[in-house]
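Here's the structure we're looking at; comments come further down.
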Amino acid sequence: ETGAIRDELMETILQIEHIAESRRETQRQSFALLAERIDELSTQLADARRESETDVLTGLGNRKRFEQAVARAMQLSTIGGAPVSLVSMDLDNLKLINDRGGHAAGDAALQTFATCLSKVFLGEADVLCRVGGDEFMALLPHARLTLAERLSHRLVQTVDAIAAGDEPALSVSVGYAEVRRGEDVGAWLARADAALYEAKTSGRGQAIAAA
C-alpha cells in the first residue's frame, strides 16, 4: 500500500539523517581533537624556536637571534627608510672577575649586566642579545643616533653605579651607530665595532659614536 511504503520511506530517510548526523558529530569531535593537537604542536614549536634563539645564562637572545633580527631590520630600513641603530658592547674586567672569583662570579656579572640592559633599553621592538662570551648587542628599530647615544651613556652609568665598590669593578665599553642609506650589514657592524674598539682602547667604561 502507498501509505505503508511512504511510512517506510520516511523511516529510512530519518535513519539516514541520524547516521549522517552521527558521522558529523564524530567528525566534529575528530576535528576538535586535531585542532587541539595542532595548538599543542604549535606551542611546542614556538617554545623550541625560542629556546634555540635564547642565551641560557642571561635569558637574552643569542647570536642566531641577533643575526635574524639585524637582517630583518636592515630589510625594513631599506624598504621604508626607517631609522635603526645598533649598540655594540663589551664587558670590561670580566676575565679578572673570573680569575679572582671563579666562573660563578663571572656568570653572576653577566646576569647582572643583562639586568642592566633590560632596565635601560625599554623599547618594545628592541632586541637584546649576548653574541659571545662578554660581547652583547642591542638592536634599536626606529631609533636615531641621538637616542642610541643617550641610552648608551645611560647604560655605562647604570653599570658603574651597580658595580661601585667592587674589586675588580665591572664596566662596559660601548660603540653605537645608526645605519646609513645604502650601507650593508657588514659595513654597519664594522663601524659599530670600530667605535667599540676605540672605547676599549681609550680608557674603557665609556660610549663612543661610530664615525
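The values are calculated or read from the model by the stated rules, or taken from the named source; none is laboratory data. Quantities reported herein were computed from a predicted structural model and do not represent experimental measurements. No Cβ is skipped: glycine too gets one built from the backbone with ideal geometry, and neighbour counts run over all protein chains shown. Only protein heavy atoms, including side chains, enter the accessible area calculation; ligands, DNA and RNA are left aside. Shrake-Rupley method; radii C 1.70, N 1.55, O 1.52, S 1.80 Å.
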Gaussian network model of the chain, Cα within-10 Å springs - most flexible of THR112, THR158, THR26: THR26
Protein accessible area in the chain, 1.4 Å probe - carbon and sulfur %: 55 percent
Sequence ranges 177-186, 160-169, ranked by mean other-Cβ count within 10 angstrom, highest first: 177-186, 160-169
Rounded to 10°, Cα long-axis angle of helix 2-52 versus longest principal axis of the chain: 10 degrees
Nearest-ten-degree value, helix 94-120 long axis tilted from longest Cα axis of the chain: 60 degrees
Solvent-accessible area of LYS119 with every protein chain in place, 1.4 Å probe, in Å² to the nearest 10: 130 Å²
Relative pair counts by distance (%), Cα atoms of region 106-176, 5 Å bins: 3, 16, 29, 26, 16, 7, 3, 0
Highest-fluctuation residue, LEU94, LEU60, LEU14 considered, GNM on the chain with Cα pairs under 10 Å: LEU14
The chain: C-alpha pair distances exceeding 29 Å, %: 43 percent
0 to 90° range, to nearest 10: angle between helix 63-80 axis and the chain longest Cα axis: 80 degrees
